[in-house]
Amino acid sequence: MKIKLASFWAVLVCLFLFTSLDMAWAQSWIKVTPQPTRFMGMDLKPTCSGLTGDNTYSFWARAGSSSNLVIYLQGGGACWSPQSCITSPTYFPDVTDLDHPGSLHGIFAFHLPQNPLKDWSFLFVPYCTGDLHWGSNDWEYKYAPGLSWKIHHRGLENFLAALKWAKERFPRPRKILVTGSSAGGFGAIGVFPWVERLYPATRIYVLSDAGSGDVPREFDALADLHWGVQLPWWVRGISEPIYLPEFWKTMARRHPMVRFGEYIAAWDSTLTWYRNEILKYFGIATDESDVCMDFHTHLMETISLKQEAPNYKSYVAAGGLHVILPREEFYTESSAGVPFLQWLVAMIEDSPAWQDAICSGDCGKPSSCPY
């Protein structure tokens, strides 16, 4: 009898502990540090860039009350040269430089009733590799005579390590929103094929937040070489190096049941700066009178190309504000004739009201270009 009673209390204690852990998991973010592993045919060695002393890579997750999942890729710049990767880095080289997701606003404000994603589970994938979440390579950059530094461009490997963990915790979500801001916005379309392969029965949506625009093909070739850009073997017939606008259109046409969307400011100041730096690096002149108009013209051309796929829609806002998903403006932006919040809800609820939206007039063109 004593043995049975002891067993009863032991089971009760275990149930209490597991229930407490589940409640904590459901109410807060947890941090996970993945170890080297193998997944979806790739050997994964999660790490940050190696520029700073701490290369440890970790990601965050939060369980929601619904059966839906957000996979969010964080932004933080990109690099392609000794200067941009080593001496004057144009990206965050380790995760300690990045915000805890709990400190962000926008879609991360779970206490706001108007947040359409407040009940969704979240996988938050930090970024510290300078490769737009596309890379699986180490590259030795020679930044001075006789001096070099190896950068770990392992963004894809970091993502896949997080995705493997997520598959075990969220095995059968009803809906998945694959999204990200800035560098994460560029990365969202790159990781989509992996997510779609892993969750073939799930309704998937792909949303890029300020991850649009156009760069010279010389940059595409250099990035492909340095970063070791990887596409899964089942994605065939893609031009090499990858031309991102064409890749968006191709993915949309091949997956007609998936909705592909983009948010971008018509005069995005951060992406204009990056385009200017890339043009200067390759010694390429702008096609327009200044780099701001050059960015805007190329942006609209690439959006028009992607709109050839009927399941792709864009929201082009006025002005130059870079990224919206983690900002308070997520709830107030309406410069494209419809509130962005309403546009996003129409997207993830499969509403026929989900259409292209674009600002009017000159879309808040800056009075002068600072670059």
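The values are calculated or read from the model by the stated rules, or taken from the named source; none is laboratory data. Just so you know, these numbers come straight off a predicted model, no measurement behind them. Every residue, glycine among them, receives a Cβ derived from its backbone with ideal geometry; neighbour counts consider all protein chains shown. With ligands, DNA and RNA removed, areas are computed over all heavy atoms of the protein, side chains included. Shrake-Rupley method; radii C 1.70, N 1.55, O 1.52, S 1.80 Å.
Among the residues of the range 345-368, count how many are in a loop (DSSP other than H, G, I, E, B) and free of Cβ contacts under 8 Å to residues at least 60 places away in the same chain. Looking only at that region, the number is 11. Among all positions in the range 80-92, there is at least one residue which is touching a residue at least 40 places away in the same chain (Cβ under 8 Å) and touching a His at 6+ places or on another chain (Cβ under 8 Å). Exactly one residue among Thr272, Thr286 is buried (at least 17 other Cβ atoms within 10 Å of the Cβ) and free of Cβ contacts under 8 Å to residues at least 40 places away in the same chain, and that residue is Thr286. Of all the listed residues (Val323, Val316), the sole one being part of a loop (DSSP other than H, G, I, E, B) and buried (at least 19 other Cβ atoms within 10 Å of the Cβ) is Val323.
Quick check: anything in the range 237-260 among the charged types (D, E, K, R), over 29 Å from Ile151 (Cα atoms) and open to solvent by less than 10 Å² (accessible area, probe 1.4 Å)? The answer is no; no qualifying residue exists. Considering Leu112, Leu98, Leu117, the condition of being at pLDDT below 95 and more than 26 Å from Leu231 (Cα to Cα) is satisfied by Leu98 alone. Strands (runs of 3 or more DSSP E) fully within the range 27-121 that include at least 3 residues being open to solvent by 10 Å² or more (accessible area, probe 1.4 Å): 30-32, 37-39. Exactly one residue out of Glu328, Glu308 is open to solvent by 80 Å² or more (accessible area, probe 1.4 Å) and free of Cβ contacts under 8 Å to residues at least 60 places away in the same chain: that is Glu308. Of everything in the range 130-182 that is charged (D, E, K, R) and over 22 Å from Gln230 (Cα atoms), the residue that is surrounded by the most Cβ atoms within 10 Å (Cβ to Cβ) is Lys175. Against the definition (closer than 30 Å to His100 by Cβ, more than 19 Å from the chain's Cα centre (by Cα), open to solvent by 30 Å² or more (accessible area, probe 1.4 Å) and among the small types (Gly, Ala, Ser)), how does Ser334 come out, yes or no? Answer is yes for this residue. For Ala336, state whether it is in a loop (DSSP other than H, G, I, E, B), farther than 24 Å from Val70 by Cα and either in contact (Cβ under 8 Å) with a residue 12 or more places away in the chain or out of contact with any Leu (no Cβ under 8 Å at 6 or more places or on another chain) (or both). Taking the combined requirement at face value, the residue satisfies it.
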